[in-house]
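Step one of this worksheet: look at the structure below.
Computed from the coordinates by the stated procedures, all read-outs in this text should not be read as laboratory data. Given the structure is predicted, the values throughout are model-derived calculations rather than measurements. Because the Cβ atoms are built from the backbone with ideal geometry, glycine has one as well, and the counts that use them run over all protein chains shown.
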Amino acid sequence: MKFLTTTALAMGLAALTSAAAFAEDTIKVAIIEPLSGPLAANGADILERFQFIFNRVNAAGGVLGGTTFEVIGIDNGWDVEKTAQAMQQAADQGVDFVINGIGPQHAAAVQGFIKKHNDRNPGNEMAFLVHSATDSKISNENCTFWQAVFDPTVEMKLQALVEGMKAEKFGSKVFMINPDFEFGHAVDEGFKSLVGAGETGLELVGAELMAPFGQVTDFTPLIARIQASGADVVLTGNFGPDLIGFIQAATDAGLKAKFATLYGDDPSSMGALGADRYIAADVMNPVEYNENDTGGVAVLEELNVEYREVIKSNYGTDRYRMMVDGLVAAIGKAGSAEPKDVMANIGGVEIASAGGTGYVRAEDHQLIIPYFVMGVDKEAKHTVLFKGDDKGFGWKTRYLVPAEDMAMATRCEMTDKP
Amino acid sequence: MDVLPFVILNGALTGMLLFMLAAGLTLVYGLMGIINFAHASFYMLGAYLGYQFTVTLGFVPGLILAPAVLGLLGVAFRRLILFRIGIQDQVRQLLITFGAAMVVTEGVQMIWGRYAVAYHAPRAMLEPLFNLGGLDFPIYRFFILAVATGLFVAIYGLLRFSRVGLILTAAQARPQMVRAMGYDLDHIHDLVFGLGLAVAGLAGPMIGVYPVMAERIITLLFVVVVVGGLGSLIGALVVSLVLGLIDTAAVTYRISLEPVVNSLFGPQERGTFLFDIASINTTTFAPMLPYLLMLLVLLLRPRGLMGQRDL
């Protein structure tokens, strides 16, 4: 008897304390990202950025004449099972919009859950806003009416990189090294098909997949292979310790090749490697925003300053603001914040960006924006700052890819429009 | 490019670095029978401490202080925690050191953050010592080689020729007898454990400093210790060099199953099962090879190459 009451009490307390309680009459947004474990810092950073931007919207009066957004973060510990549990938690609490993006396997889990959930719960649907596109299937074969992707796909980023490389005469012989998981495969396949199509002016002299996430400790043999191939550009989707070790080994060995990266703009890698190595490697990286080139857009000039003051980090990522702007615009257009109405109106929404106006493509709910191909700049006016730690260097625009070039064909066929 | 000299040189450099990390673990396991799962986490702590000392005091003070601090921590750890479990109780040892590993790893990340820190070897050390086949080999890789070799000579000398070493070797086989003869094994064990961790503290700053370092390397270190033979310093050295050579060779000479699959079944389309089989190659799977080696050795010779006691 005593055992039962104690257990019941414990469970009751746990239930009370575990779920974050939502207020009534707000638009509920759940951000499901790793808030514990090795990627906790990335997840926490994203949560903070979104809260910052949603707070701005709320402070400016919210949407639909006064309705505010309520944003909570749910930890998935970068474990796919926990992502599924987090989705159930979100569903139970009546969350309207789920935001996620770190790790294609998690986006796939969220997508799968939402499709089933919306099928079984008409009237209580949830929508999925993806902030980082790391796997083509999510935007193409597995696309759904209930999602919008606010990041160019891997293929689009590669297209931008290739155009930047051509315009800047960056190099002609490419050796590709990518991490051996879905994202790395996407980069590997994406670039191979771009080169195969024949308009890149680049020659692929080697491609390897390497064991990811810090398993490789000695990069020298890879450097030797790259050198033996005669490559003058290394293209890599590596990030974190894989990128740090890689560029460190390449610059130590005096490898005469430039680096075209997809995650070279990560402040942590910049800090760990330092300006000299970045410049020695002449890193080129495509990204949606670079604060040294706001294109005169007023809100971006404001955010550049505000974000630095409040969060002590530089405002180097703009697609979260684009997502929130897109969401707000769709709500305004639909006259309602119900996920069904919002997703029906999100196609065609225009998005302001530093490189010019972009839009959300109706066909697949994909963000199409002009894209910046950045190069390292030791004399950058706005250097990269992360949580008060100034990295001492920044980025400049080497080439701006127009939005039309980014609007690559999609294989998406939305079969689940309600 | 002369591939073979490159493979041998790079393999040796990588191998010696691995040896430096594994030496402490071998020492502690071989001479005291303690499975210290926290070894890699302590080496991570040593690396971060080395980074901190380098930033505030300089590279050389960092190199001296980090092992010193870690040695003291090792003694404290052994006295306060490991002391309470019997040497025979291996399961509890494993659990306690595993727990310590998690605490130390998380603790380091809490203090220094979850992002990689900007640890740079001194500029002078980054200069190339020489160039082999178009690739520069910076001085610090040879500095690591020199330190690792010195370490091996010092520890080997200690074990074979010093009083402490002889007592320890005796205590491995006949601890009661050694105690009966009046030697204070506790102090000697303190020395060994502290030394084991101090060596880790020396190796840490050499390898690069980031938050996931401990988890990645601990299993590799156990491969070295197990395959080399528990308690055998020479075994650890030999296996470290072998693993270094295997890793370099595997990535440099890319051997894949593609020719085999293609000749038997013709070229495969992406996404099919046979395509995945064809994609198996030594470059991508290089980090897995040490574990395959361990599997082989455990099946054929469980006491390792030069070990004196079985697993």
Exercise. Would you look at the GNM of chain B, springs on alpha carbons closer than 10 Å, and say which of B:Leu27, B:Leu298, B:Leu257 moves the most?
Key: B:Leu257
Quiz prompt | A:Arg319, A:Arg411, A:Arg56 arranged by Cβ crowding within 10 Å, fewest neighbours leading | solution = A:Arg411, A:Arg56, A:Arg319
Practice problem: Could you list A:Cys143, A:Cys412 in order of exposure, starting from the residue whose Cβ has the fewest other Cβ atoms within 10 Å? | Solution: A:Cys412, A:Cys143
Practice problem: Could you tell me which of the pairs A:Lys169/A:Lys387; A:Lys312/A:Lys381; A:Lys312/A:Lys396; A:Lys192/A:Lys340; A:Lys312/A:Lys378; A:Lys157/A:Lys333 are separated by over 27 angstrom between their Cα atoms in the structure shown? | Solution: A:Lys169/A:Lys387; A:Lys192/A:Lys340; A:Lys157/A:Lys333
Quiz item: Hey, which of these cross-link pairs are over 28 Å Cα-Cα: A:Lys82/A:Lys258; A:Lys82/A:Lys116; A:Lys137/A:Lys258?
Solution: A:Lys82/A:Lys258; A:Lys137/A:Lys258
Quiz item: What are the ³J(HN,Hα) values, in whole Hz, obtained from phi via the Karplus relation 6.51 cos²θ - 1.76 cosθ + 1.60 with θ = phi - 60°, for each residue of the stretch B:275-283 in sequence order, with x given for Gly and Pro?
Solution: 4, 5, 5, 5, 6, 5, 8, 6, 5
Quiz item: Between rounded, prolate and oblate, where does the stretch A:19-95 land on the alpha carbon gyration tensor, with a ≥ b ≥ c its root eigenvalues, rounded for a/c under 1.5, else prolate if a/b exceeds b/c?
Solution: oblate
Quiz item: Long-range amide H contacts for A:Gln147: which residues qualify at under 5 Å (H placed 1.01 Å from N, peptide plane, sequence gap of 5 or more or a different chain)?
Solution: A:Phe128
Practice problem: Taking amide H positions as placed in the peptide plane 1.01 Å from N, state which residues far from A:Arg398 in sequence (5 or more) or on other chains have amide H under 5 Å from it. | Solution: A:Val373, A:Met374, A:Gly375
Quiz item: Which residues make up the longest stretch of chain A that has no GluC sites (Glu not before Pro) in a DSSP loop with at most 15 other Cβ atoms within 10 Å?
Solution: A:200-362
Practice problem: Rounded to whole Hz and in sequence order, give me ³J(HN,Hα) for the stretch B:135-147 from the Karplus expression 6.51 cos²θ - 1.76 cosθ + 1.60, θ = phi - 60°, writing x for Gly and Pro. | Solution: 10, 7, 10, x, 4, 5, 5, 7, 4, 4, 4, 5, 4
Quiz item: Taking chain B as a Gaussian network, where each spring joins two C-alpha atoms under 10 Å apart, which residue of B:Met206, B:Met294, B:Met181 fluctuates the most?
Solution: B:Met181
Quiz item: Given only helices, namely DSSP H runs of n ≥ 4 each adding -39500 (n - 2.57), what is the per-residue ellipticity at 222 nm of chain A, to the nearest 500 deg cm²/dmol?
Solution: -13000 deg cm²/dmol
Self-check item: chain B: angle of helix B:233-252 to the longest principal axis, Cα-based, in degrees nearest 10
Solution: 20
Exercise. Please report Rg over Rh for the protein assembly as shown, where both radii come from the alpha carbon positions and Rh follows the Kirkwood definition.
Key: 1.00
Quiz item: Per-residue HN-Hα couplings for the stretch B:95-106, Karplus 6.51 cos²θ - 1.76 cosθ + 1.60 at θ = phi - 60°, whole Hz, x for Gly and Pro?
Solution: 5, 5, 6, 5, x, 4, 4, 5, 5, 5, 4, 5
Quiz prompt | Debye, to nearest 20: dipole size of the stretch A:117-265, +1 on Lys, Arg Cβ, -1 on Asp, Glu Cβ | solution = 360
Quiz prompt | Interchain or long-range residues, amide H under 5 Å from A:Ala260's placed H | solution = A:Val234, A:Leu235, A:Thr236, A:Met284
Quiz item: Which one of A:Val342, A:Thr200, A:Ser313 is farthest out on the positive end of the charge dipole of chain A, using unit charges on Cβ (Lys, Arg +1; Asp, Glu -1) and the Cα centre as origin?
Solution: A:Ser313
Practice problem: Count charges around A:Ser139 for me, please; just the other residues with Cβ under 10 Å from its Cβ, Lys/Arg as +1, Asp/Glu as -1. | Solution: -3
Quiz item: Can you give the convex hull volume of the alpha carbon atoms of the stretch B:4-213 per residue, in Å³?
Solution: 137
Self-check item: Cα-centred dipole magnitude for the stretch B:4-213, charges only on beta-carbon of K, R (+1) and D, E (-1), debye, nearest 20
Solution: 320
Quiz item: Taking neighbour counts of Cβ atoms within 10 Å as a proxy for exposure, in what order, fewest first, do A:Ile311, B:Ile234, A:Ile32, A:Ile27 appear?
Solution: B:Ile234, A:Ile311, A:Ile27, A:Ile32
Quiz prompt | Selection of chymotrypsin sites (Phe, Trp or Tyr not before Pro), the stretch B:171-277, meeting DSSP coil and at most 14 other Cβ within 10 Å | solution = B:Tyr253
Quiz item: Which residue, B:Val242, B:Val164, B:Val91, has the most motion in a Gaussian network model of chain B that connects Cα atoms within less than 10 Å?
Solution: B:Val91
Quiz item: Using a simple charge model, +1 on the beta-carbon of Lys and Arg, -1 on the beta-carbon of Asp and Glu, nothing else, what dipole does the protein assembly as shown show about its Cα centre, in debye to the nearest 20?
Solution: 2860
